[in-house]
Amino acid sequence: MADSSSSATPSGASKPQAAPKPPNPAFKMMGLPNMRFKLPSRNWMIFLTITGSFAGALIYDRREKRRVQQKWSELVAHISKETLPIDQMRRKMTVYLAAPPGDGLRVARDHFKEYVKPILVAAALDYTVVEGRREGDVRASTAENIRKLRRKAGEPSSAVEEVGVDAVVLATREHIGVTDEPGPKGDLVIGRHTWKEYIRGLHEGWLGPLDAPPPPPEESTAESTADTPTDVITEKPASLANPEIASIDSPEFSEEKKDEIPEPKIEEPEKEEEKEEEKPAKPAGPTPAYIYPSEYSSAILPHTIPQSFDSSTPVEFPHLLGFLNTPIRVYRFLTQRYLAEDVGRDVAALVLANSARPYREDTFSADSESTAASVESTPSPDSSFTDLTPRNYEQQTVMEAAEKEWHKSVHKREEDETVKEREWLDDIVLDQRIASRMQRATLSPEDEVRSQRIGEQQEYILGEERPTPVPFWKRMWIDYGYGESDEVLRRKPILGNIDGEDGQ
């Protein structure tokens, strides 16, 4: 009993730890340490789970985004294979781009390069970008381009156009007989704010006059000049103005002291004018509007207006600012594949130009009333908008939800803006004659079915077979210069035995 009790370990004492496992003899011979594999701690598990989930979601989204862009690029890539005569230029599209509200133009350019440009490059189409850095620039550029077309068509105008590089290049092409590729063109408008200015410029260009309206009379300046009495300048005698000069007239003042008095300096007014001219001129804002929405109904259509305009396609441009919106911005950052799908569909429809439909009339958005009430805290300065025909068009509701995401500083009107026009804040006003001529590019049912087959890897570029996939190891082997792809080998010329049969 004594031996058993003495040999028993006390209950509070810890058990002896097992001896460490001897290292692997092979690793020991190589000089490697004894590596023991074990599960990470709780904190490391939390960290690795969060970072791994975020990295996995990001990698998956970027891979699917590349696949989506590749699908739409392959859908239009057959256009780049078509040959053109030597006296024709590739069909040109117009891209309208403006800085988003509350941000700079760089963000809009990045959106264009990331989502729109790859599809245009795949189709080998030419395009012209109309950019706007401030509110109203796109409206002024669009209207001026339309006015140039009207002047070129023969409408009388007293305006003198400046001969620029584009005009010289166009005249040279006409002289040598180079023409544009026959076929429909199109306008690609990025963002809700750009769409508003595009619609406004379209109406101003076709309904407004060709010559700039006279500036408003400066009534305030004239009234102030008429009411203000002329100042009567009374000159004081020199003896009262300057006591030193008064002492000169006294007989006690000697002639020697008269020579010591400095002559008064008179500043020449010409120098002041030169200083004012040297000041750098302030950058001028957008060109004032030639016509306002309240004058649409009374405007006369020009005889040069076409029966239908080129197809236009509004492209989504979600842009959200603010620290409190970080969760929404992170979600959009991880789901860019959905945006690439929508933008790619719209751009491909405009590039293919196989189907177009007129914009629908008498449409009503479910949240149009709430949007108008929440976005415009103050009434629109043009109160005569209510005198127009109360019709609803699809152009008014395109990307309407994007206005809710604009920065709050954009929605505020200053006190001196009661008369100033705001293209971004004012409601979209359409004239029936212009709205009925607009049309939107859509995908035809055949193109829709073919895009699905391309996405499922069942079809390739029109008229070509999909190449066999190259394994990853072989692609890396070729990229690093240790081999050649099958396509490069096919392009190499095959030469026979030049020296003869015996190789001598």
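The values are calculated or read from the model by the stated rules, or taken from the named source; none is laboratory data. Just so it is clear, the model here is predicted, and its values are computed rather than measured. No Cβ is skipped: glycine too gets one built from the backbone with ideal geometry, and neighbour counts run over all protein chains shown. What goes into the accessible areas is simple: the full protein's heavy atoms, side chains included, and nothing from ligands, DNA or RNA. Shrake-Rupley method; radii C 1.70, N 1.55, O 1.52, S 1.80 Å.
Just a few scattered comments:
- Computed in the context of the full set of protein chains, the accessible area of segment 101-198 at 1.4 Å probe radius has 54% of its extent on carbon or sulfur.
- Dipole-positive endmost among L425, N497, Q452 within segment 395-500 (Cβ charges, Cα centre): N497
- On a per residue basis, segment 422-496 carries 71 Å² of accessible surface, using protein heavy atoms and a 1.4 Å probe.
- Size of electric dipole in segment 41-115: Cβ of Lys, Arg +1 and of Asp, Glu -1, about Cα centre, debye, nearest 20: 140 debye
- Alpha-carbon centroids, segment 419-496 and segment 149-163: separation in whole Å: 39 Å
- Protein accessible area in segment 49-91, 1.4 Å probe - carbon and sulfur %: 59 percent
- Highest average first, the peptides 482-494, 326-338 ordered by how many other beta carbon atoms sit within 10 Å of their residues are 326-338, 482-494.
- Listed peptides 315-323, 84-92 appear in the order 315-323, 84-92 once ranked by packing, highest mean of other Cβ atoms within 10 Å at the front.
- Distance (nanometres) between label positions extended 7 Å along Cα→Cβ at R133 and A401: 3.4 nm
- With a simple spin-label model that places each label point 7 Å from the Cα along the Cα-to-Cβ direction, the separation between E341 and I478 comes to 3.1 nm.
- Karplus-derived 3J(HN,Hα) values for segment 338-344, using 6.51 cos²θ - 1.76 cosθ + 1.60 with θ = phi - 60°, are 5, 5, 5, 5, 5, 5, x Hz; glycine and proline are entered as x.
- Where segment 13-133 is the region considered: accessible area per residue in Å², 1.4 Å probe: 69 Å²
- Distance between modelled label sites at A57 and R433, nm, 7 Å Cα→Cβ extension: 5.4 nm
- Computed E for S485/Q88 - FRET, C-beta separation, R0 41 angstrom, nearest 0.05: 0.75
- In sequence order, segment 468-476 has phi-based couplings of 5, x, 9, x, 5, 5, 6, 5, 5 Hz under the Karplus curve 6.51 cos²θ - 1.76 cosθ + 1.60, θ = phi - 60°, and Gly or Pro positions carry x.
- Pairs beyond 27 Å (Cα-Cα), from K196/K408; K113/K404; K65/K492; K65/K474; K117/K196; K92/K148: K65/K492
- Most to least packed among 203-215, 23-35 [average Cβ atoms within 10 Å]: 203-215, 23-35
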